[in-house]
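**Q** Sharing a structure with you now.
The values are calculated or read from the model by the stated rules, or taken from the named source; none is laboratory data. None of the values given here were measured: they were computed from a predicted structure. Methodologically, a virtual Cβ is constructed for each residue, glycine included, from the backbone with ideal geometry; neighbour enumeration extends over all protein chains shown. All accessible areas refer to the heavy atoms of the entire protein, side chains included, with ligands and DNA or RNA removed. Shrake-Rupley method; radii C 1.70, N 1.55, O 1.52, S 1.80 Å.
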Amino acid sequence: MTSVVSSSIRTIRIGSRKSQLALVQTHWVQEQLQKRFPEISFEVHTMATQGDKILDVALAKIGDKGLFTKELELGMLDREIDFAVHSLKDLPTRLPEGLALATVTERENPADALVVHEKHKDKQIDTLPEGAVIGTSSLRRLAQLRYHFPHLSFKDVRGNLNTRMSKLDAGEYDALILAVAGLERLGMSDRIHQVLPKEISLHAVGQGALGIECRADDVELISLLKAIEHPETRDRCLAERAFLRDLEGGCQVPIGVNTEINGNTLILTGIVASVDGKKLVKDTVSGETQDAEQLGTELAQKVREQGAQEILNEIFAQIQRNS
């Protein structure tokens with residue numbers, strides 16, 4: 001068993017995507033660790049992932065097996081970097097052999113936000129005019145909004161946050177649906193027109209949290225990374241990831257969640273929807289936080305029994321036909 005940290009090695013290499021948001025998040029982790037371990041040097045190494053390179057195709061059509069993580073994971077396995085910082089929602093629920101989710105940081109607001117063109121500044125999501133064009137690259141958001149607002153139109157939007165905002169302001173879209181956490185981390189809170197309530201849009205699994213992945217056998221590094229873990233966020237996200245994993249979902253499947261912790265009780269709500277928004281199955285489970293993953297599995301079974309499996313089978317069959 002090897003370790004990155006020793007008396008002779010004083011540098012730990014952090015892997016990050018090159019996007020502005022990824023770097024903001026990675027530098028935050030670097031800063032937190034540097035404050036706690038001043039005797040160690042933390043260096044950021046950037047890599048471009050497949051998801052960063054393909055910007056003219058909808059995410060759901062590319063596939064989601066490590067879309068934003070594969071290159072970073074190879075870097076860890078090849079020992080080019082020691083750990084990687086991910087938006088947890090981008091990290092697949094099944095990791096490559098030899099790697100582990102070491103730490104989950106404190107979650108920012110996981111909700112979705114409505115960002116509108118200037119001409120709609122007096123509107124909310126439920127008062128936008130019929131046919132208003134909403135930009136989103138998420139099937140989860142798309143399915144839920146189609147279910148609640150079938151009179152709206154939807155159009156895929158890719159690119160970094162600044163690119164998406166430019167398209168909105170140029171009038172290509174009437175509104176965008178984006179993550180509150182990403183907007184806040186990039187100092188764009190002023191563009192949040194409305195935070196969508198969970199009754200309209202359950203968020204993505206892991207949304208708002210950062211996941212730190214490293215080699216599974218690096219016990220000393222994992223112990224070091226635990227210094228910035230947030231236990232409540234970890235428990236919430238473990239439940240969410242178990243729910244997604246048991247349904248074998250990803251960015252190609254409209255699956256949304258919401259978690260709350262009251263004392264030692266974790267409450268997990270989840271939905272599975274058809275892409276056209278015409279079918280939606282939703283349920284809730286609760287139990288002790290120590291049983292977080294078991295609760296995710298339990299909820300997956302409950303929604304399956306209520307019709308989610310039929311929805312999933314249709315989606316997987318469509319993916320198979322398109323592949």
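**Q** If I model a spin label as a point 7 Å beyond the Cα along the Cα-Cβ vector, how far apart are those points for Gln309 and Asp217 in nm?
**A** 4.0
**Q** Could you give the length gained by full extension between Asp276 and Thr46, i.e. 0.36 nm per residue of separation minus their alpha carbon distance, to one decimal place?
**A** So the chain would gain 79.1 nm between Asp276 and Thr46.
**Q** If you don't mind, there's one more thing I want to ask. Just the accessible area per residue of the chain, please: how many Å² with a 1.4 Å probe?
**A** Result: 45 Å² of accessible area for each residue.
**Q** Rounding to the nearest 10 and keeping the result within 0 to 90°, find how far the Cα-based axis of helix 231-246 lies from the longest principal axis of the chain.
**A** Taking Cα atoms only, the helix is inclined about 60 degrees.
**Q** Over the Cα atoms of the range 180-287, what is the Rg over Rh ratio if Rh follows Kirkwood?
**A** Reported Rg/Rh (Cα atoms, Kirkwood Rh): 1.01.
**Q** Further, regarding this structure: Extending each Cα 7 Å along its Cβ direction at His120 and Arg158, get the distance between those two points in nm, one decimal.
**A** 2.3
**Q** Can I ask one more? How would you classify the range 124-169 from its alpha-carbon gyration tensor, with a ≥ b ≥ c the square roots of the eigenvalues: rounded for a/c under 1.5, else prolate if a/b is greater than b/c, otherwise oblate?
**A** oblate
**Q** Taking 35 Å as R0, compute the FRET efficiency from the Cβ-Cβ separation of Gln318 and Ser166 and round it to 0.05.
**A** 0.65
**Q** Over the chain, what percent of the accessible surface lies on carbon and sulfur atoms, probe 1.4 Å?
**A** Here carbon and sulfur together make up 47 percent of the probe-accessible area.
**Q** I want to check the label-to-label distance for Lys35 and Thr11. Put each point 7 Å from Cα in the C-beta direction and report it in nm to one decimal.
**A** According to this spin-label approximation, the distance is 2.5 nm.
**Q** So what is the relative contact order of the chain, in percent, for Cα pairs below 8 Å that sit 6 or more residues apart?
**A** 21
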